[in-house]
Amino acid sequence: MPATSPREDALANLYARHHGWLQGWLRRRLGCRFDAADIAHDTFVRVLKACNAAEIREPRDYLATIAKGLVVDFYRRAALERAYLKVLAALPEAHQPSAEERALVLEALAQVDAMLSGLPAKVRQAFIMSQLEGLTYAEIAAQLNVTVRTVNNYMVKALERCYLALAARERLAP
């Protein structure tokens, strides 16, 4: 059996000591052991990618902080999925996408939501009105009660966020 590195030992120790606690903590908040198990797993994947587990001073606080962010993402994604399924329910049967197409659209929606999540509400709203509803900057300005120049600035911020997110994704891709 190959020897493990100190970093791997520290992560294994962190996992052994705190995984059960984290999963229970998440189960109490989510009410579902399967979702709790998924988010606990994702939490440790984030730890693996982010740092050396031996450097963590308050492991439960650190794990809980990561897990809280993942829970927010989980609920945001569930809300997106519900909204998308509501739109699909209104479509005639002939226009219903396949299960694969639905999954791809949901993934794309989650990625766009993640890209825009840190932006102010009006910036997100302007971007969505432009890109999804096809409104002109003048129409957006009228609806948001701002100038066209402000809408232009909003769009620059939103597009910059999208560009940075895509660039980061490219760096992470194998």
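The values are calculated or read from the model by the stated rules, or taken from the named source; none is laboratory data. Values in this document were obtained by computation on a predicted structure and should not be read as measured data. Cβ placement follows ideal geometry from the backbone for every residue including glycine, while neighbour counts extend to all protein chains displayed.
When ALA108 is tested against (1) more than 15 Å from the chain's Cα centre (by Cα); (2) loosely packed, with under 15 Cβ neighbours inside 10 Å, only condition (1) is not met.
Scanning the range 135-154 for residues that are surrounded by 13 or more Cβ atoms within 10 Å (Cβ to Cβ) and not in a helix (DSSP H, G or I) yields LEU135, VAL146.
Consider LEU80 carefully, then state whether it is assigned to a helix (DSSP H, G or I) and touching an Asp or Glu at 6+ places or on another chain (Cβ under 9 Å).
yes
Residues of the range 56-95 that are free of Cβ contacts under 8 Å to residues at least 12 places away in the same chain and among the acidic types (Asp, Glu): GLU58, ASP61, GLU93.
Name the one entry in PHE34, PHE44 that is of a type outside the set (Asp, Glu), in a helix (DSSP H, G or I) and surrounded by fewer than 13 Cβ atoms within 10 Å (Cβ to Cβ).
Numbers: PHE44 fails: surrounded by fewer than 13 Cβ atoms within 10 Å (Cβ to Cβ).
Going through PHE34, PHE44 in turn, the sole match is PHE34.
Anything in the range 76-95 that is more than 26 Å from GLY118 (Cβ to Cβ), surrounded by 10 or more Cβ atoms within 10 Å (Cβ to Cβ) and small (Gly, Ala, Ser)? List them, or say none. Of everything in the range 76-95, nothing turns out to be more than 26 Å from GLY118 (Cβ to Cβ), surrounded by 10 or more Cβ atoms within 10 Å (Cβ to Cβ) and small (Gly, Ala, Ser).
Quick check on my filter: what residues within the range 116-127 are within 17 Å of the chain's Cα centre (by Cα), in a helix (DSSP H, G or I) and in contact (Cβ under 8 Å) with a residue 12 or more places away in the chain? Before the answer, list the steps.
Quick first cut of the range 116-127, residues within 17 Å of the chain's Cα centre (by Cα) only: 116-121, 124.
Filter once more, so that each one left must be in a helix (DSSP H, G or I): 116, 121, 124.
Scanning the range 116-127 gives LEU116, ARG124.
Please verify whether GLN125 is touching a Leu at 6+ places or on another chain (Cβ under 7 Å), at pLDDT 85 or above and surrounded by fewer than 14 Cβ atoms within 10 Å (Cβ to Cβ), treating the condition exactly as stated.
On the way: touching a Leu at 6+ places or on another chain (Cβ under 7 Å): yes; at pLDDT 85 or above: yes; surrounded by fewer than 14 Cβ atoms within 10 Å (Cβ to Cβ): no.
Spelling it out, it is not the case that GLN125 is touching a Leu at 6+ places or on another chain (Cβ under 7 Å), at pLDDT 85 or above and surrounded by fewer than 14 Cβ atoms within 10 Å (Cβ to Cβ).
Condition first: surrounded by 14 or more Cβ atoms within 10 Å (Cβ to Cβ) and not aliphatic (A, V, I, L, M). Now tell me which residues in the range 47-59 satisfy that.
Step one: list which residues in the range 47-59 are surrounded by 14 or more Cβ atoms within 10 Å (Cβ to Cβ), which gives 47-48, 51, 53, 56, 59.
Of everything in the range 47-59, those that are surrounded by 14 or more Cβ atoms within 10 Å (Cβ to Cβ) and not aliphatic (A, V, I, L, M) turn out to be CYS51, PRO59.
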